[in-house]
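Step one of this worksheet: look at the structure below.
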Amino acid sequence: MPTRRSADSTEGEQLFETAVEQFDAAADLIGLSDNIRTILRSPKNEIIVNFPAEMDDGSLRVFRGYRVQHSDILGPYKGGLRFTPGVELGEVKALAMWMTWKTSLSNVPFGGAKGGIAFNPREHSVREIERIVRRFTHALGSNIGPEHDIPAPDIGSNAQAMVWMMDTYLNSGSGGDRQNTRRVVTGKTIETGGSLGRDKATGQGLAFVLAHQFDRVNRELEGSTVAIQGFGNVGEHCARAMAQMGVTMTHVADHTGAIMNGRGIDAEALWRHTSEAGGVAGFDDAEALDVDEFFTADVDILVPAAIENQITTERAPHVRASVIVEGANGPTSVEGERILIDRGVEILPDVLANAGGVIVSYFEWLQNKMSARWQLGQVDDELRRYLWEAADAIEAEKKRLACSRREAAYAVALARIGTVFNQRGIWP
């Protein structure tokens, strides 16, 4: 059934409406039963916690946090935790739903979840962030767990935040189980049980998916140009991985502005600049341009790796790239995607393209469970294999159903979930 959009909906609610609309389109394609569709259209659990944390001046502030658990039919809930001032329930619901499709498509034994705390970490000291994270973890209590719900980093959070979550959770349980539960979060530092390659996994995965697409159509990747929106963890590692494949980054944009250099922008130099300046604006070896001009860049590849709803009906007609690799979740609106497809632009959808993070999170979870440590080469080889198998499954379904690549990705994911629902049934 089509989603009815309300003009009064918040951005987060509209994002969830988009997620449901995409789901319904794929469910129609494969004839998903009404009963399963009814279950999957809503999250299983929506958790909102309001908790106090002490500021450096001794005052207390109350923060709001979210954890939405969409489905655990394939395994423990899995999904990131973002720290942004505008995070809201509708947004987290959409992201949790997308995680369910992403884990199923990737064929890892996880479900889908997402979480967030409504605050801006740039406005707080390290000690304040630690207290906020620990208090949030304590407030969640048994709503997370190593075989129940496993958070990971997302926008605004990082490996250190995951270590604080892990430590708080471990110290809230019985002594004998502590070392057994380090896998309650993934994306940790290497020293505390994280996996080699996890920090670069999403960006590296984007490059692997792009290489698969170019190889599939017998197109040469070396010598191509790319524009990357967002130069945080995902954008930076994507730029580095693509550079190793011979791709030149000529345009970059983030929350501070947009820059370009037709000769190429060095990822390492730009990363040093952004680490000091807080964004790409003001980088010496490039010229400034308007953000809307960024989306019209004359490049081969466009990587939206920032936030949702960036390629809209206003921007889609002017995109000049022939391939879009979605590094962010939901960067292309439904209407914008229709315009791009009509124009012949190839879209490598988020549920495939940015799945590297959750795949390597699964590897980290496995390593913790086995008290093992994989070498970086093994992590990269396995990541490539998982992504390319998912990409092959999508292309086969796209051909069979004569549909878009996103619809084919959803169809693969939903078919797997539907099979498990049918085999397990609903009880009691």
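The values are calculated or read from the model by the stated rules, or taken from the named source; none is laboratory data. Everything quoted here is computed from the prediction, not taken from an experiment. Here Cβ is always computed from backbone atoms with ideal geometry, including for glycine, and neighbour counts include all displayed protein chains.
The rows are residues; the columns are (1) at positive phi; (2) surrounded by fewer than 16 Cβ atoms within 10 Å (Cβ to Cβ); (3) under 18 Å from the mean Cα position of the chain (by Cα); (4) not aromatic (Phe, Trp, Tyr).
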| position | (1), (2), (3), (4) |
| --- | --- |
| PHE119 | no, no, no, no |
| GLU123 | no, yes, no, yes |
| VAL133 | no, no, no, yes |
| ILE144 | no, no, no, yes |
| GLU147 | no, yes, no, yes |
| PRO153 | no, no, yes, yes |
| SER172 | no, yes, no, yes |
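Pick from LYS114, LYS188: which is in contact (Cβ under 8 Å) with a residue 12 or more places away in the chain, in contact with a strand residue (DSSP E or B) (Cβ under 6 Å, 6 or more places away or on another chain) and of a type outside the set (A, V, I, L, M, F, W, C)?
LYS114
May I ask you to list pairs of residues, at least six apart or on different chains, whose Cβ atoms are under 7 Å apart, with the first in the range 134-150 being under 14 Å from GLY115 (Cα atoms) and the second being in a loop (DSSP other than H, G, I, E, B)?
ASP149/PRO76; ILE150/PRO76; ILE150/VAL185; ILE150/THR186
Of all residues in the range 320-340, how many are aliphatic (A, V, I, L, M), at pLDDT 95 or above and within 24 Å of LYS102 (Cβ to Cβ)?
5
Which of the helices (runs of 4 or more DSSP H) contained wholly in the range 299-381 include at least 3 residues that are touching a Lys or Arg at 6+ places or on another chain (Cβ under 6 Å) and either surrounded by 18 or more Cβ atoms within 10 Å (Cβ to Cβ) or in the same structural domain as ALA94 (by TED's automatic domain parsing) (or both)?
356-370
Filter the range 49-71 down to the residues that are surrounded by 12 or more Cβ atoms within 10 Å (Cβ to Cβ) and hydrophobic (A, V, I, L, M, F, W, C), then identify the one that is farthest from the chain's Cα centre (by Cα).
Within the range 49-71, the match that is farthest from the chain's Cα centre (by Cα) is MET55.
Look at SER404 and say whether it is on the phi > 0 side of the Ramachandran plot and over 20 Å from the mean Cα position of the chain (by Cα).
So SER404 fails the test.
Taking ALA241 as the residue in question, decide whether it is in contact with a Leu (Cβ under 9 Å, 6 or more places away or on another chain), aliphatic (A, V, I, L, M) and farther than 27 Å from VAL87 by Cα.
So ALA241 fits the description; yes.
So which strands (runs of 3 or more DSSP E) stay within the range 190-292 end to end and still have 3 or more residues that are of a type in the set (D, E, K, R), out of contact with any His (no Cβ under 6 Å at 6 or more places or on another chain) and modelled with pLDDT under 95?
Because the criterion is at least 3 residues that are of a type in the set (D, E, K, R), out of contact with any His (no Cβ under 6 Å at 6 or more places or on another chain) and modelled with pLDDT under 95, no strands (runs of 3 or more DSSP E) in the range 190-292 meet it.
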